[in-house]
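The values are calculated or read from the model by the stated rules, or taken from the named source; none is laboratory data. Keep in mind the model is a prediction, meaning the values are calculated, not measured. Cβ coordinates were reconstructed from backbone atoms using ideal geometry, including for glycine residues, and neighbour counts include every protein chain displayed. Note: accessible area is taken over every heavy atom of the protein model, side chains too, but ligands, DNA and RNA are not part of it. Shrake-Rupley method; radii C 1.70, N 1.55, O 1.52, S 1.80 Å.
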Amino acid sequence: MTDGFFTCRKNVLLAKSPSTQIEGVFAATRGRLVSEEQEALLQQWLEEGAGNLPASESVPAVGKVSVTFTSDWLEGSELLMTSLSDLNLSPEVTPCADQQASELNALASSELQDCAVAELARLPAEQTVTVAGSTPWAAVVPQTDQQIAGCAEINAEVLNDDPAVLAWSLACGTETVPSELQARPVQDAVPFCPVPTEVPYHEILWRDWEDLSVQPCVRDQVSENTALFEFRVMSYNILAQDLVEQGLDLYVHCHPDILNWNYRLPNLLQEIQHWDPDVLCLQEVQENHYWEQLEPTFKEMGFACFYKRRTGTKTDGCAVCYKHSRFQLISLSPIEYFRPGLDILNRDNVGLVLLLQPVLPENLGLKAVSPLCVANTHVLFNPRRGDIKLAQVALLLAEIDKIARTTEGSYYPVILCGDLNSVPDSPLYKFIRNGELSYHGMPAWKVSGQEDFSQQLYSRKLLAPLWPSSLGVTDNCQYVTQCQPKKPGRREYSRDFLLQFRFCDIACERPPQLVLLEGVTDAKPVASAREHSAVTAILKRHHSLSFFGKWCSGVIQHGLNLTSVYSHFLPQRGRPEVTTMPMGLGATVDYIFYSAEPVENRAGRRMYKDGALKLLGRLSLLSEDVLLMANGLPNPFCSSDHLCLLASFGLEISSL
């Protein structure tokens, strides 16, 4: 029962507490006398739960029950650490590593195991300890000491499981302790890979907060008299439960219980609540979970929420939430990338674009701050269809261009979040960051950089134009209706003038849908060198046809000037950052881009400095080797197959 109490208190594991200490009160101290502080806590718990016991059952005295777990369970014993609230309320405790090691060795001895099995065997056959009102959230939702829910006693069948799984299992309902226990060898435990005892999970998955406001480049741009509207933005792919169940072969490394939605949901909510973002962009949000659980919870946390489900039969989508105490909604624009009849846009991915007005404190007086455009999307995964990915991103950028454009023709600050299913320095990434991409003839698989299909005999290539003009999007990623209107006195070109272009490159290409008619459509026009040079000269003279020339050359552009919050490399470890680990291979596919001011181009890479929107800090990412030590993603403490991204920004506040 003592062990059950300590395991129930293990909910703080999932809080991702930044504390690097393991409080001695909850460290593994099995097999020895209970200290005064531990005894008081256990007695308080017993008194609270005693009222729920049947009259025929009695509560064993403190210190009378001794349960010794197998060595697999003991490997997680040091994982019982405290939350922020526990550290603030409890006295400082400095655990002694040598003492803990000796205690664990003593507990692992066969003599103590035999003693514990014999003692459990003497318990009544149907003895149970329950606490009324226990819910599936009881073991993992962050609570104060007075709010900690009780737990059922330990089921002998899960003694060898991971401690986090055990804690959740205890909270799901009461169990019965059998009258006789079969001592099982360690090798019969559930095949899971716990972290070595000497390296607790919270230290492996530790993520530092990087304060960028103290860097000289930021201090130089922000004077002491410059006021900033500071806010946090989180982007998180939370892994839809339907997708888990449809692709269980991707999670064979995970214990089945940690893939259960009732286990994952509290972890995800607690992580979001812990980092307390002002703007939250989520991907892979299952529709029924959003309406039944997530939206009500987010509203209680002070968020206004908007959701867009993927089209077709898909059950998940994207959500954008913001604190209504910090922002007010100006406009909302959901995007569907599916376009009937277009092969380049035949997938069900979606996006959301919001224009938000920051809410300033009343004591600032006559001050103003620029609106903020926030976009969230989840781009197609298929590594072979980079053409579809580019078209989807172009549609998103066109929507951002429409929403974020000011009446003067400039742009409000933009923050673009999402799972782009593309790696850093891929052509798609470079297109977003550098604002230009020459795609004509590029293999489609190369666009995202996820996999290398260069050895295949046939690969789809991108041809210009990437999408038809009927889509209404220019190669500058702008809606045609948003472009500058034609001048009223524009010249009308005669038939003879237009015939001069009959030998240009695009006119000499045979349309794929053109029906072959002998003597009618089978002939290919051939221009003489003189005619070809004349056409080229005309194209150069008439700048009004520059769009036509670029459309033929296979170049797309945008003018939003976006750069990434993350550098995608960990200099202190000499390894790249990763945001996900499909099949045990780390990769970065999740991003937060934000508006900045370009300063120069170096070897085709655009360099930026902060403008009105300033990056003040970010939550560091992890490397592949670190996540492998924690058995990859998801694991008992990170309940998605992606890491969350978090950044702090500041918007300049100006006088009216």
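At-a-glance table
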{"quantity": "Full-stretch length increase - Leu212, Lys461 - with 0.36 nm per residue and alpha-carbon distance subtracted", "calculated": "85.5 nm"}
{"quantity": "Exposure rank, largest accessible area first [Tyr411, Tyr439, Tyr479; 1.4 Å]", "calculated": "Tyr411, Tyr479, Tyr439"}
{"quantity": "In order through the range 372-388: 3J(HN,Hα) via Karplus (6.51 cos²θ - 1.76 cosθ + 1.60), integer Hz, x for Gly, Pro", "calculated": "10, 9, 10, 10, 9, 8, 9, 7, 3, 7, 2, x, 7, 10, x, 5, 5"}
{"quantity": "Heavy atoms of Cys305 accessible to a 1.4 Å probe, total area in Å² rounded to 10", "calculated": "20"}
{"quantity": "Placed amide H near Phe327: partners under 5 Å, 5+ positions off or other chain", "calculated": "Val359"}
{"quantity": "Nonlocal amide H pairs with Lys609, under 5 Å, H built at 1.01 Å", "calculated": "Glu597, Val599"}
{"quantity": "Extended-chain gain in nm, criterion 0.36 nm per residue less alpha-carbon gap, His274 and Val555", "calculated": "96.8 nm"}
{"quantity": "Simple label model, 7 Å out from Cα along Cβ direction - Thr311 to Asp348, nm", "calculated": "1.2"}
{"quantity": "Accessible-area value, Glu600, 1.4 Å probe, nucleic acids and ligands omitted, Å²", "calculated": "80"}
{"quantity": "Probe 1.4 Å, protein heavy atoms only - accessible area per residue of the range 240-321 in square angstrom", "calculated": "38"}
{"quantity": "Descending semi-axes in whole angstrom, ellipsoid equivalent of the range 274-408, from the Cα gyration tensor", "calculated": "29, 20, 10"}
{"quantity": "Two-site FRET efficiency, Asn225 against Thr297, from Cβ-Cβ distance with R₀ of 30 Å, rounded to 0.05", "calculated": "0.15"}
{"quantity": "Vicinal HN-Hα couplings computed from phi for the range 272-280 (Karplus, 6.51 cos²θ - 1.76 cosθ + 1.60; Hz; Gly/Pro x)", "calculated": "5, 5, 5, 7, 6, x, 8, 10, 10"}
{"quantity": "Arg605 - accessible surface, heavy atoms, 1.4 Å probe, Å² rounded to 10", "calculated": "100"}
{"quantity": "Amide H contacts under 5 Å for Ile592, placed H, 5+ residues apart", "calculated": "Val565, Tyr566"}
{"quantity": "Entries of Lys308/Lys389; Lys402/Lys614; Lys314/Lys609; Lys367/Lys614; Lys299/Lys389; Lys430/Lys461 with Cα pairs more than 30 Å apart", "calculated": "Lys314/Lys609; Lys299/Lys389"}
{"quantity": "Vicinal HN-Hα couplings computed from phi for the range 576-592 (Karplus, 6.51 cos²θ - 1.76 cosθ + 1.60; Hz; Gly/Pro x)", "calculated": "x, 6, 9, 10, 8, 9, x, 6, x, 10, x, 7, 10, 10, 9, 9, 10"}
{"quantity": "Estimated dipole of the range 420-472 in Debye, rounded to 20 [Cβ of Lys and Arg +1, of Asp and Glu -1, Cα centre]", "calculated": "100"}
{"quantity": "Listed peptides 627-634, 554-561, 460-467, 280-287 by packing density, highest first (mean Cβ within 10 Å)", "calculated": "280-287, 627-634, 554-561, 460-467"}
{"quantity": "Accessible surface, the range 581-656, averaged per residue in Å² (probe 1.4 Å)", "calculated": "34"}
{"quantity": "Simple spin-label estimate for His440 and Thr481 in nanometres, 7 Å along Cα-Cβ", "calculated": "3.0"}
